[in-house]
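Worksheet for the structure shown next.
The values are calculated or read from the model by the stated rules, or taken from the named source; none is laboratory data. Since we're looking at a predicted model, the values are computed, not measured. Note that each Cβ is placed from the backbone with ideal geometry, even for glycine, and that neighbours are counted across all protein chains shown. The protein model used for the area step is the full one, side chains on, heavy atoms only, and it has no ligands, DNA or RNA in it. Shrake-Rupley method; radii C 1.70, N 1.55, O 1.52, S 1.80 Å.
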Amino acid sequence: MVLDTGSELSWLHCKKTPNFNSVFTPQVSKSYKPVPCGSPVCKTRTRDLPVPASCDPNNKLCHVAVSYADASSIEGNLAHENFVIGSSTQPGFLFGCMDSGYSSNSEEDSKTTGLMGMNRGSLSFVSQMGFPKFSYCISGFDSSGVLLLGDARFSWLGELNYTPLIQISDPLPYYDRVAYTVQLEGIKVGNKILNLPRSAFVPDHTGAGQTMVDSGTQFTFLMGPVYTALRNEFLQQTRRVLQVYNDPNFVFQGAMDLCYRVMGLSRPSFSNLPRVSLMFQGAEMSVSGERLLYRVPDMNKGSDSVYCFTFGNSDLLGIEAFVIGHHHQQNVWMEFDLVKSRVGFAEIRCDLAGQRLGIGPL
């Protein structure tokens, strides 16, 4: 399943299509119970979902639909089922039994069974299961990694840097109240802090401008003025070591307009590039080396490859927020402490962490 800290509803594919490897079949489950339209659950428990639940006229069941930043979407019916994780059983767990949708990456989606919604909403996996804390570590090499539900302390992990979770109780049109929102305070390129006012990182009166930690989004997106300042400074500091790919019509994934032409088709080292540090309240997350640039698949110019800067402009995506995606969380131990309302992180090799826990490939 896809682990998504940016969304609430957990769901499983319930309709077999040619490219899905595995689906959930409600007909063979004795504990499966779909939620009818008239149920109070359909109206009250779905209040934090971006799209309100509706009534499916064909079967009079509670209909849910979810869309994601990459333009993919999925819909189906809300249902109860018994979920078992380790020694924890949650009878009557609410989830989406999804039977139709649109995927922007059908090849990748065909490898998954569904999605675990891990935000702070009442319907999320972590809320329904009642875990006080969860941690994950995403490997830099493939989709593998570590997910730990509950408290975990390891001598080899070292100290985590913590930043508090921000909560706004008033409903605002552009503010996601159940997201993992932290306070971004500044950005540093090499040793130079971008000359931006603190107000550039603070949500405005509409809620636009919150900073969300989102494992379900691939890259990191910054609000327009902040992105422009970072782009200009990175260009300035790399002008002698990187060759800009000058094609005004090319914007990778609709929001990443700073791309480079890199010699050779083999995997280069970007160790000489300046690190970009995201400065949070009480903590810092550094992005360096190959995590700064992403090779555009199947796009070569002669014997050269095209790589794009892994920070994008959220204005171009139509997202009114800063989003810290999973690419910049690779090889970082991420801890979400729901009791103390904070996020902690520390750099670590996730493949080695998996081996130490006896769950990674040797």
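Of all the numbered requirements in (1) surrounded by 20 or more Cβ atoms within 10 Å (Cβ to Cβ); (2) not in a loop (DSSP other than H, G, I, E, B), VAL41 misses one, and that requirement is (1).
Of the residues LEU49, LEU9, the single one that is under 18 Å from the mean Cα position of the chain (by Cα), surrounded by 18 or more Cβ atoms within 10 Å (Cβ to Cβ) and modelled with pLDDT under 90 is LEU49. Among the residues making up region 212-235, those that are among the hydrophobic types (A, V, I, L, M, F, W, C) and either under 21 Å from SER169 (Cβ atoms) or surrounded by fewer than 18 Cβ atoms within 10 Å (Cβ to Cβ) (or both) are MET212, VAL213, ALA229, LEU235. Looking at the structure I just gave you, is THR25 assigned by the TED database to the domain that holds GLN90, in contact with a Cys (Cβ under 9 Å, 6 or more places away or on another chain) and open to solvent by less than 50 Å² (accessible area, probe 1.4 Å)? Considered against the rule, which asks whether it is assigned by the TED database to the domain that holds GLN90, in contact with a Cys (Cβ under 9 Å, 6 or more places away or on another chain) and open to solvent by less than 50 Å² (accessible area, probe 1.4 Å), THR25 comes out as no. With respect to being within 23 Å of SER124 (Cα to Cα) and either among the charged types (D, E, K, R) or crowded, with 21+ Cβ neighbours inside 10 Å (or both), GLU290 falls outside the description. Residues that are in a strand (DSSP E or B), open to solvent by less than 10 Å² (accessible area, probe 1.4 Å) and in contact with a strand residue (DSSP E or B) (Cβ under 6 Å, 6 or more places away or on another chain) within region 308-334 comprise CYS308, PHE311, GLY312, ALA321, PHE322, VAL323, ILE324, VAL332, TRP333, MET334, listed in sequence order.
Name the single residue that is surrounded by the most Cβ atoms within 10 Å (Cβ to Cβ) among those in region 190-211 being out of contact with any strand residue (DSSP E or B) (no Cβ under 7 Å at 6 or more places or on another chain) and at positive phi. Going through the qualifying residues, I end up with GLY207. What are the residue pairs meeting all of these: first residue in region 341-356, first residue of a type in the set (Ser, Thr, Tyr), second residue at pLDDT 90 or above and open to solvent by less than 10 Å² (accessible area, probe 1.4 Å), Cβ atoms under 6 Å, and 6 or more apart or on different chains? Going by the 6 Å Cβ cut-off, there are no qualifying pairs. The set of residues in region 56-74 being out of contact with any Gly (no Cβ under 8 Å at 6 or more places or on another chain), at pLDDT below 90 and outside any loop (DSSP other than H, G, I, E, B) consists of SER67 alone. Evaluated against (1) crowded, with 20+ Cβ neighbours inside 10 Å; (2) out of contact with any Leu (no Cβ under 9 Å at 6 or more places or on another chain), ASN249 falls short on exactly one condition, (1). Against the list (1) hydroxyl-bearing (Ser, Thr, Tyr); (2) assigned to a loop (DSSP other than H, G, I, E, B); (3) within 30 Å of ASN272 (Cβ to Cβ), the condition THR163 fails is (2).
Being in contact with a Lys or Arg (Cβ under 7 Å, 6 or more places away or on another chain), among the hydroxyl-bearing types (Ser, Thr, Tyr) and either under 16 Å from MET334 (Cα atoms) or at pLDDT below 95 (or both) is a description that does not apply to SER303.
A residue that is free of Cβ contacts under 8 Å to residues at least 60 places away in the same chain, in a helix (DSSP H, G or I) and among the hydroxyl-bearing types (Ser, Thr, Tyr) occurs nowhere in region 20-28.
Within region 252-271, if we keep just the residues that are more than 18 Å from ASP304 (Cβ to Cβ) and open to solvent by 50 Å² or more (accessible area, probe 1.4 Å), the residue that is modelled with the highest pLDDT turns out to be ASP257.
Give me the residue from region 151-189 that is of a type in the set (Asp, Glu) and modelled with pLDDT under 95 and, out of that set, most open to solvent (accessible area, probe 1.4 Å). Checked region 151-189; the qualifying residue most open to solvent (accessible area, probe 1.4 Å) is GLU159.
For VAL296, are the conditions met, namely being assigned by the TED database to the domain that holds GLN330 and surrounded by 20 or more Cβ atoms within 10 Å (Cβ to Cβ)?
Judged against the criteria, VAL296 is not a match.
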